[in-house]
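Have a look at the structure below before the remarks.
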Amino acid sequence: MGLDRIVCLANSYKHDHRCVAGISLVTKQWVRLAGRQVPGCLTRKETCYPDGKEAALLDVFEVEIEEKCGSNCHPEDMRVSEKPWQAIRRFDEPRDAQFLAAFVNKGPSILQTCTDRIYARKFEATPIGKSLELVHPDDLWWWIRSETGKRKNRAIFRSGHVGRVRYDLAVTDPAWLAQLNLLPAGIYPHAFFFKAKPQKTFLTVSLSEPFEGFLYKLVAGVVTLPA
């Protein structure tokens, strides 16, 4: 299909590999990238530039798209060639923030519902409209807790100017999890991580693949820009 330029808004854990997603600066549409080595995923090596550096959130990179490979629950999926990705620039100028703001979800419902999951059987025959959404969260907190000896990291926030809804979603952004893993269990306000430096934060919310009958909503990217 040719070369595309994508602003990276998620490079998250997916099983033992990676899920990279963002907005095409060519088509102005969401895309989720898949490789050929692991079905529906990218290996970590596949997400790296020639110098070995991994694609980071707010990187704009050039990639060669081979074909659409979307499923009913992930219609945005595109298969990439083995050609190395090329870093172009950082997407962190004021005009870039304005570009992202145009994609932000305006209502309280995220990815069709106001819950943390959707019944997978709804999309066995008909594709979902989209599986990725950008959210500008309000009243954002990070909840670190332990369940049966396993550490859990959750994002708690409100969405929507009217009929605001509280969400509690699992976090799969490796860079953000690295920060959370330095902290003891507890609930932390988002401002804790930036001290006196105000930030504009967006969350990339992604649907998982079907798991035990559901598609779960995940915080796949924590995108921060200077306010």
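When the range 97-116 is limited to residues that are farther than 16 Å from ARG158 by Cα and not small (Gly, Ala, Ser), the one that is least open to solvent (accessible area, probe 1.4 Å) turns out to be LEU100. On the given criteria, is GLN29 open to solvent by 50 Å² or more (accessible area, probe 1.4 Å), within 15 Å of the chain's Cα centre (by Cα) and farther than 22 Å from PRO226 by Cα? Yes: the conditions hold for GLN29. Of the candidates ARG89, ARG36, ARG18, the single residue that is at pLDDT 95 or above and open to solvent by 50 Å² or more (accessible area, probe 1.4 Å) is ARG89. The lone criterion from (1) open to solvent by less than 60 Å² (accessible area, probe 1.4 Å); (2) more than 19 Å from the chain's Cα centre (by Cα); (3) at pLDDT below 95 left unmet by PRO94 is number (1).
Can you pull out the strands (runs of 3 or more DSSP E) entirely within the range 122-227 that have at least 1 residues that are touching a Gly at 6+ places or on another chain (Cβ under 8 Å) and open to solvent by less than 60 Å² (accessible area, probe 1.4 Å)? Before you say what the answer is, go through the steps one by one.
Values: elements: 132-135, 138-147, 150-159, 165-171, 186-189, 199-207, 214-226.
Fully inside the range 122-227 and qualifying: 138-147, 150-159, 199-207.
The values are calculated or read from the model by the stated rules, or taken from the named source; none is laboratory data. Keep in mind that this is a model prediction, so the values were computed, not measured. For neighbour counting, all protein chains shown are included, and Cβ atoms are generated from backbone atoms with ideal geometry for every residue, glycine included. Just the protein is used for accessible areas: all its heavy atoms, side chains included, with ligands, DNA and RNA removed. Shrake-Rupley method; radii C 1.70, N 1.55, O 1.52, S 1.80 Å.
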